[in-house]
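Trainee: Take a look at this one; I'll ask things after.
The values are calculated or read from the model by the stated rules, or taken from the named source; none is laboratory data. Quantities reported herein were computed from a predicted structural model and do not represent experimental measurements. When we count neighbours, we look across all protein chains shown, and the Cβ atoms used for this are built from the backbone with ideal geometry, even at glycine. Remember, those area values only see protein heavy atoms, side chains included, never the ligands or the DNA or RNA. Shrake-Rupley method; radii C 1.70, N 1.55, O 1.52, S 1.80 Å.
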Protein chains: 2
Amino acid sequence: MFFSEQEKEALYKVIYNRRDIRTFLADPIPADVILKILHAAHHGPSVGFMQPWNFILVTGEATKARLAWAADKERRALAIHYEDQRKEQFLSLKVEGIQQAPLTICVTSDPTRGGSHVLGRNSIPETDLLSTACAIQNMWLAACVEGLALGWVSFYKKNDVRDILDIPPHIDPVALLSVGYTDKYPSKPLLETANWEKRRELQELIYHEHWGSEN
Amino acid sequence: MFFSEQEKEALYKVIYNRRDIRTFLADPIPADVILKILHAAHHGPSVGFMQPWNFILVTGEATKARLAWAADKERRALAIHYEDQRKEQFLSLKVEGIQQAPLTICVTSDPTRGGSHVLGRNSIPETDLLSTACAIQNMWLAACVEGLALGWVSFYKKNDVRDILDIPPHIDPVALLSVGYTDKYPSKPLLETANWEKRRELQELIYHEHWGSEN
């Protein structure tokens with residue numbers, strides 16, 4: 001495969017500008033754009049080509065309200081584990097925008113997809129989750145070039161989400177993705193701006209030949 | 001963020017043409033290109049901005065040979081679970097190219113990165129693995145635009161890889177990625193060409209409002 005300098009730059013532009021968004025406008029998303037980002041997700045890699053994912057598209061206000069309730073319940077439960085200043089800082093973070101965003105996509109992973117002996121899953125059982133995450137990353141990058149904002153919500157009890165969306169017990173609701181347009185697209189990660197966490201130095205994360213070598 | 005039509009097309013081109021590669025040339029990879037794809041990985045999303053990943057770059061022939069040995073041992077063990085025609089088909093697949101590729105990147109995930117109460121990890125413990133997979137997908141797309149081939153090897157016992165690369169017991173060796181140039185870049189997934197598995201119809205994977213709705 002050959003890619004021009006312009007094509008390379010386009011990929012790096014989207015990789016470096018993709019952000020996790022919590023603030024959305026109510027504007028609806030054209031159906032063909034939704035299909036484009038799902039198509040990108042479906043062309044993610046999967047171990048043994050198992051394609052373990054499903055996509056539940058939620059636009060109903062009542063269902064979104066129940067998902068937001070599940071996320072908020074978990075947020076309040078998590079706050080109890082923080083103390084003093086960190087607790088106040090945590091409670092001041094906007095951690096989800098489920099009700100604001102016109103669309104929530106619940107991405108699930110089916111650990112039985114492809115049968116009992118999927119190539120690779122026998123060695124590393126979590127390969128279905130890893131594959132599903134790669135599909136989500138494709139969708140996220142596609143959403144970004146389409147001018148959409150996407151927020152990955154990971155505060156919820158999986159059984160709450162299963163109950164709300166009628167998901168069978170063996171299916172893993174890996175992510176709730178809020179999708180919509182926004183007029184507040186940040187240039188830096190929200191948690192960096194909020195002084196919650198800093199970006200690490202890449203060089204400190206690289207080892208040579210074995211773990212713990214000089215960086 | 002605004003992306004032109006050309007930039008959108010570039011992203012979809014790389015998403016649709018990214019392949020899992022098992023056949024490599026011996027040509028070395030320029031150091032700046034390796035850094036570019038690692039930089040792309042490091043700009044993947046991570047829950048709570050925990051950035052749980054490390055990258056161990058392996059180029060030594062002796063170490064690559066030991067990793068290839070671990071993968072081949074696992075391949076032979078897995079073959080025992082297949083029977084008759086499926087077994088022959090499995091054994092005929094080329095499942096890794098570790099010794100051929102000039103570089104293997106072991107991507108690890110540290111479940112302790114960021115401390116005991118990382119935002120999101122308290123709710124969904126596997127968020128560190130999901131984040132690491134997103135980083136790998138960024139790297140894979142970057143490798144593709146750089147004209148590199150990448151193969152994700154997921155046949156190994158994690159403790160074999162820990163032993164070979166001196167990885168501490170609590171660190172998860174999520175992936176072994178073979179990276180190099182190739183003169184055999186396939187247009188379709190290798191497992192599709194080998195009639196191992198077909199690509200599913202996207203429409204059959206989409207539900208509306210709740211699981212199991214009419215597609």
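Trainee: When you go through B:185, B:156 one by one, which is the residue that is within 7 Å of chain A (Cβ to nearest Cβ), in contact (Cβ under 8 Å) with a residue 24 or more places away in the chain and open to solvent by less than 30 Å² (accessible area, probe 1.4 Å)?
Mentor: B:156
Trainee: For the range B:58-87, enumerate the residues that are crowded, with 20+ Cβ neighbours inside 10 Å and in contact with a strand residue (DSSP E or B) (Cβ under 7 Å, 6 or more places away or on another chain).
Mentor: B:58, B:64, B:67, B:71 - these are the residues of the range B:58-87 that are crowded, with 20+ Cβ neighbours inside 10 Å and in contact with a strand residue (DSSP E or B) (Cβ under 7 Å, 6 or more places away or on another chain).
Trainee: Next up: Could you list, in sequence order, the residues of the range A:4-45 that are outside any helix (DSSP H, G or I), at the interface with another protein chain (Cβ under 9 Å from one of its Cβ atoms) and open to solvent by 10 Å² or more (accessible area, probe 1.4 Å)?
Mentor: Those that are outside any helix (DSSP H, G or I), at the interface with another protein chain (Cβ under 9 Å from one of its Cβ atoms) and open to solvent by 10 Å² or more (accessible area, probe 1.4 Å): A:4, A:18, A:19, A:20, A:43, A:45.
Trainee: Take the residues in the range A:188-200 that are more than 9 Å from every other protein chain (Cβ to nearest Cβ) and either part of a loop (DSSP other than H, G, I, E, B) or modelled with pLDDT of 95 or more (or both), then tell me which one is farthest from residue A:86 (Cα to Cα).
Mentor: Among those that are more than 9 Å from every other protein chain (Cβ to nearest Cβ) and either part of a loop (DSSP other than H, G, I, E, B) or modelled with pLDDT of 95 or more (or both), it is A:188.
Trainee: Return yes or no: is residue A:113 closer than 25 Å to residue B:190 by Cα, of a type in the set (Lys, Arg) and surrounded by 16 or more Cβ atoms within 10 Å (Cβ to Cβ)?
Mentor: yes
Trainee: Follow-up question, since we're still on this one. From the residues in the range B:55-108 that are of a type outside the set (A, V, I, L, M, F, W, C) and within 14 Å of the chain's Cα centre (by Cα), which one is nearest to the other protein chains (Cβ to nearest Cβ)?
Mentor: Ranking the qualifying residues of the range B:55-108, first place goes to B:108.
Trainee: Okay, moving on. Quick test of your reading of the structure: residue A:140 fulfils all but one of (1) under 26 Å from residue A:11 (Cα atoms); (2) facing chain B (nearest Cβ under 8 Å); (3) surrounded by fewer than 21 Cβ atoms within 10 Å (Cβ to Cβ); (4) in contact with a strand residue (DSSP E or B) (Cβ under 9 Å, 6 or more places away or on another chain). Name the failing condition by number.
Mentor: So residue A:140 meets the others, but not (3).
Trainee: Being touching a Lys or Arg at 6+ places or on another chain (Cβ under 9 Å) and either free of Cβ contacts under 8 Å to residues at least 12 places away in the same chain or more than 11 Å from chain B (Cβ to nearest Cβ) (or both) is the filter here; which residues of the range A:171-182 pass it?
Mentor: Once the filter is applied, which keeps residues that are touching a Lys or Arg at 6+ places or on another chain (Cβ under 9 Å) and either free of Cβ contacts under 8 Å to residues at least 12 places away in the same chain or more than 11 Å from chain B (Cβ to nearest Cβ) (or both), the range A:171-182 yields only A:178.
Trainee: List, please: which pairs have Cβ atoms under 8 Å, are six or more places apart or on different chains, and start with a residue in the range B:62-91 that is assigned to a helix (DSSP H, G or I) and end with one that is of a type in the set (Asp, Glu) and open to solvent by 50 Å² or more (accessible area, probe 1.4 Å)?
Mentor: Taking only residues 6 or more apart or on different chains, the pairs are B:63/A:209.
Trainee: Which of (1) under 21 Å from the mean Cα position of the chain (by Cα); (2) surrounded by 14 or more Cβ atoms within 10 Å (Cβ to Cβ); (3) within 21 Å of residue A:51 (Cα to Cα) does residue B:179 not meet, given it meets every other one?
Mentor: (3)
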